[in-house]
């Protein structure tokens, strides 16, 4: 086994995962099935963000939805929001898109389709794979 294989393989896997996530979100935007999910939990994670705009926080949002066959699927999303921390009351809902053949692959509706977020994920994954493997070719 060559020295440096493990970090290169891990970064390549990370890049591949980013690309797959971006492509999946695009596919769900066009071919995913839509349903309404009930928000079960909203949790503020960590302290205030250190970006340029004060008063912003990271939130983990958990939701659950029921398939037409009666099976219940859980999902989650991450959001950046202001300092107003809302609690889940069991009545709040959000639209969710899921893959009909495998509903565990699901995203909130606003995170699907072709948009800048998906293009950034695909680009970041491609850059990671290119840069880590370009370095290997220079040393070989």
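The values are calculated or read from the model by the stated rules, or taken from the named source; none is laboratory data. Keep in mind that this is a model prediction, so the values were computed, not measured. Neighbour counts are summed over all protein chains in view; Cβ atoms, including those assigned to glycine, are modelled from backbone coordinates with ideal geometry.
Descriptive notes on the structure:
Conditions (1) modelled with pLDDT of 95 or more; (2) not in a strand (DSSP E or B), marked per residue:
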site	(1), (2)
18	yes, yes
23	yes, yes
41	no, no
47	no, yes
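- Annotation: residue 132 fulfils all but one of (1) closer than 22 Å to residue 18 by Cα; (2) surrounded by 14 or more Cβ atoms within 10 Å (Cβ to Cβ); (3) at pLDDT 90 or above; the unmet one is (3).
- Residue ranges of strands (runs of 3 or more DSSP E) in region 66-140 with at least 3 members over 18 Å from residue 41 (Cβ atoms): 93-99, 102-108
- Residue within region 77-91 that is surrounded by 15 or more Cβ atoms within 10 Å (Cβ to Cβ), closer than 14 Å to residue 21 by Cβ, free of Cβ contacts under 8 Å to residues at least 40 places away in the same chain and in contact with a strand residue (DSSP E or B) (Cβ under 9 Å, 6 or more places away or on another chain) present: yes
- Test result for residue 62, at pLDDT 90 or above and not in a helix (DSSP H, G or I): yes
- Residue within region 42-53 that is on the phi < 0 side of the Ramachandran plot, touching a helix residue (DSSP H, G or I) at 6+ places or on another chain (Cβ under 6 Å) and surrounded by 13 or more Cβ atoms within 10 Å (Cβ to Cβ) present: no
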